[in-house]
């Protein structure tokens, strides 16, 4: 988590700054505007939109399931996770319906601060209950000296996640919209520092997890370790406060994802294919309805998806959106890029991802990296052997020049 936070910050600075400048100069609103403009292909723009819609909705299950199980454990299973997930869904719909992007921005600031404080607070609090940081790690080493050493068989999976998670997040709908909306270029320059600083909060997760080994050695459902430990060792005041912080992590990501998908659907699908003459008032109404529908789809998928597959579904979603990295980089830096290379590179990567996930027992992150490499190879081959797309080449050269000269 430390590593991919830092990598994401660097990628956001390097790639995001260019996308922001292009969007500022040419009035991009959604990700497809970027691809439609540079590659001169509406089909590619539609394909990118579909990838984002299809792969982002499953990712929402992680957020809904996290909130759902949190409430279930907090209430002693009085409120089952299915009902808890519905409560989360309704909360998100209510403030997105009433506040839109402003609600997302304001709540994200609050959630971000709360998450940072809560993660560190829980870590040090549970560590104190387990006898202190030094005692925790001394006892764990005495129990099993290899417990905190990574299994060699997991190294490849973690390295793959280091690639897939930041790329998948960067190419997700919320980040595209936020890149466009940044007000000052300097924001991109400070992001690596801010995200590296924010990664300090993961120290809390490390402390909490290791404290749990001593405080609840027989706990089988490790994904429920935090709420379980807080109920057993927290007080009437501390536990609810920490629970609010944990819940904010789920709400923060979910509201951004739902709002972004809703915006992309409304502009790229509804306005372009269903009602081209829709008024602004009508578009706002469609966006509000799409928030409800998208959230409902995510909730239904949560009900249908067994708990043990939730994280795998999330990694699959990241692997899918990560494929968009290749045509994005091509549009920014490679003069031989063209819409055919971008389209078939994406298609090859997604087909490879699907096949590898179903026919191999590899970790999904590994499948994601291999499919990304296949995507890149197909993109480069078609770009090299096909006739140069003059319009695309001219735009790439022109935009590179404008990026270097205009402030």
*For segment 215-234, which residues satisfy the criterion of being more than 27 Å from the chain's Cα centre (by Cα), in a helix (DSSP H, G or I) and farther than 19 Å from residue 120 by Cβ?*
231, 232
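The rows are residues; the columns are (1) surrounded by 21 or more Cβ atoms within 10 Å (Cβ to Cβ); (2) free of Cβ contacts under 8 Å to residues at least 12 places away in the same chain; (3) touching a strand residue (DSSP E or B) at 6+ places or on another chain (Cβ under 8 Å); (4) farther than 23 Å from residue 350 by Cβ.
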{"residue": "38", "(1), (2), (3), (4)": "yes, no, no, no"}
{"residue": "50", "(1), (2), (3), (4)": "no, yes, no, no"}
{"residue": "55", "(1), (2), (3), (4)": "yes, no, no, no"}
{"residue": "70", "(1), (2), (3), (4)": "yes, no, no, yes"}
{"residue": "74", "(1), (2), (3), (4)": "no, no, no, yes"}
{"residue": "90", "(1), (2), (3), (4)": "no, yes, no, yes"}
*Give the residues of segment 19-34 that are within 21 Å of the chain's Cα centre (by Cα) and crowded, with 21+ Cβ neighbours inside 10 Å, sorted by residue number.*
19, 20, 30, 31, 32, 34
*Please give the number of the condition residue 204 fails out of (1) more than 23 Å from the chain's Cα centre (by Cα); (2) crowded, with 20+ Cβ neighbours inside 10 Å.*
(1)
*asked:* I'd like to know if segment 19-27 contains one or more residues that are within 19 Å of residue 346 (Cα to Cα), assigned to a helix (DSSP H, G or I) and either touching a helix residue (DSSP H, G or I) at 6+ places or on another chain (Cβ under 8 Å) or at pLDDT 95 or above (or both).
replied: no
*For segment 361-386, name all the residues that are under 25 Å from the mean Cα position of the chain (by Cα) and either on the phi > 0 side of the Ramachandran plot or not in a helix (DSSP H, G or I) (or both).*
361, 362, 363
*Look through 256, 290 and report the one residue that is within 21 Å of residue 48 (Cα to Cα) and in contact (Cβ under 8 Å) with a residue 40 or more places away in the chain.*
256
*Go through segment 306-333 and give me each residue that's modelled with pLDDT under 95 and outside any helix (DSSP H, G or I).*
306
*If you check every pair at least six apart or on different chains, which have Cβ atoms under 7 Å apart with a residue in segment 126-149 that is at pLDDT below 90 first and a residue that is loosely packed, with under 13 Cβ neighbours inside 10 Å second?*
140/147
*List the number of the failed condition for residue 361; all other conditions in (1) in contact with a helix residue (DSSP H, G or I) (Cβ under 9 Å, 6 or more places away or on another chain); (2) more than 26 Å from residue 8 (Cα to Cα) hold.*
(1)
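The values are calculated or read from the model by the stated rules, or taken from the named source; none is laboratory data. Computed from a predicted model, the values in this text were never measured in an experiment. Here the Cβ is made from the backbone with ideal geometry for all residues, glycine too, and neighbour counts use every protein chain on show.
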